[in-house]
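Q: Following this message is one structure expressed as C-alpha cells.
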Amino acid sequence: VFKVRTGPDNPPVCAEALPDVILDASDAPLELDLDNFFMDPDGESLSYSVTLSDERPLAATLFGSRLVLSFKDYGLALVSVTAADYAGNWVSGTFRSLSRESSSHAFDLYPVPVTDILNVRPGEAGKTSFRVSITSLSGASVFDSVMQGSAFEPAVIDMSACGPGVYNVSVDQEGASVYSKSIVKR
C-alpha cells in the first residue's frame, strides 16, 4: 500500500501579452514561439489550440509550441490562442492580425465607396501622425487636418456632410507626400 500526496495543479498563465501582428503579402510567414508567452507554474508541458475570428485573411498552423501565420487575403482577424496543461486547466490570450500589402501603398483608405465614414489606416502597428487633405474634383478643400492612427486604430473622418462624387485624398507624413488616391462618396 502506498500513500501519495500531491499538491494542487496550478493552471497555466500568460507570461507576456501576445503582440498584434501585421502580415504583409510580400513577406515570409510569421512564426511565434508560444512558450515565450505562456507558462505552467508546475513546469508541465503545454498544448496549444488556435481559433480565428475570420479565416479569410490568414492561415494559422501549429507545430508544437510554434504558431505560423501566413498571409491569404487582405483583412483583419482576431487570433485566440489557448494553452492547456495535462489536467485540462487552461488560459487563453487574443491578439489582432492585419493582412495587407505595404509594397503598393503606405496607407489604406476604406470603405470605398464611402457612405459617411472614411478610415485612414497606416501600415504601422504603433501610433503615427499624418496630415490628411481631401479635395473635390473642382479643387475645393473639404478636409485638411493632422491626425493620428495605427494599423489597428485607424483615423476616422466623417464625410457625411460631403455630397456624392469623386474626391482626391492625399496623406502626408513628415512633410513628404506618402499616398494619394481618388475615392468615391455616395
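The values are calculated or read from the model by the stated rules, or taken from the named source; none is laboratory data. In this text the structure is predicted, and so the values were computed from the model without any measurement. Heads up, the Cβs are rebuilt from the backbone with ideal geometry, glycines too, and the neighbour counts pull from every protein chain shown. All accessible areas refer to the heavy atoms of the entire protein, side chains included, with ligands and DNA or RNA removed. Shrake-Rupley method; radii C 1.70, N 1.55, O 1.52, S 1.80 Å.
Q: Quick one: if the Förster radius is 45 Å, what FRET efficiency do ASP158 and ARG56 give, using the C-beta to C-beta distance and rounding to 0.05?
A: Using R0 = 45 Å, I get an efficiency of 0.95.
Q: Given Cα positions, please report Rg to Rh for region 72-121, the hydrodynamic radius being the Kirkwood one.
A: 1.23
Q: Would you work out the relative contact order for region 47-165, in percent, from Cα pairs under 8 angstrom that are 6 or more residues apart?
A: 18
Q: Could you tell me the calculated FRET efficiency between THR94 and PHE2, based on Cβ-Cβ distance and R0 = 41 angstrom, to the nearest 0.05?
A: Efficiency computed from Cβ-Cβ geometry: 0.40.
Q: Using a probe radius of 1.4 Å on heavy atoms only, what accessible surface per residue do you get for the chain? Whole Å² is fine.
A: About 55 Å² of surface per residue is accessible.
Q: Scattering from the C-alpha atoms of region 95-186 alone, worked out with Debye: what is log10 I(q)/I(0) at q = 0.21 1/Å?
A: Cα-only, vacuum Debye calculation for region 95-186: -1.04.
Q: Now for a separate question. Between ALA17 and GLN148, what is the FRET efficiency for a Förster distance of 25 Å, r being their Cβ-Cβ separation, to the nearest 0.05?
A: Working from the Cβ atoms, E equals 0.70.
Q: Which percent of the accessible area of the chain is formed by carbon and sulfur heavy atoms (probe 1.4 angstrom)?
A: Of all accessible area on the chain, carbon and sulfur atoms account for 51 percent.
Q: Students sometimes get this wrong: rank ILE183, ILE22 by accessible area, probe 1.4 Å, all chains present, largest first.
A: Solvent-accessible surface, decreasing: ILE22, ILE183.
Q: Step through the residues of region 145-161 one at a time and calculate ³J(HN,Hα) from phi using the Karplus curve (6.51 cos²θ - 1.76 cosθ + 1.60, θ = phi - 60°), rounding each to whole Hz and writing x for Gly and Pro.
A: Residue by residue, region 145-161 yields 7, 7, 10, 10, x, 9, 4, 9, 9, x, 6, 10, 10, 8, 10, 5, 7 Hz.
Q: Oh, and also: Quick one: Cα convex hull volume of the chain, Å³ per residue?
A: 136
Q: Compute the signed sum of charges (Lys and Arg +1, Asp and Glu -1) over the other residues within less than 12 Å, Cβ to Cβ, of ALA84.
A: -4
Q: Please compute the net charge surrounding LEU46, taking Lys and Arg as +1 and Asp and Glu as -1 over other residues with Cβ under 10 Å from its Cβ.
A: Spelling it out: positives minus negatives among the neighbours equals -4.
Q: Separate question: Considering the dipole of region 27-115 built from charges on the beta carbon (Lys and Arg +1, Asp and Glu -1) around the Cα centre, which of VAL112, TYR86, LEU62 is farthest to its positive end?
A: Working it through, the farthest residue towards the positive pole turns out to be VAL112.
Q: While we're here: Tell me, what are the semi-axes, in whole angstrom and largest first, of the equivalent ellipsoid of region 43-128 as set by the roots of 5 times the Cα gyration tensor eigenvalues?
A: 33, 13, 12
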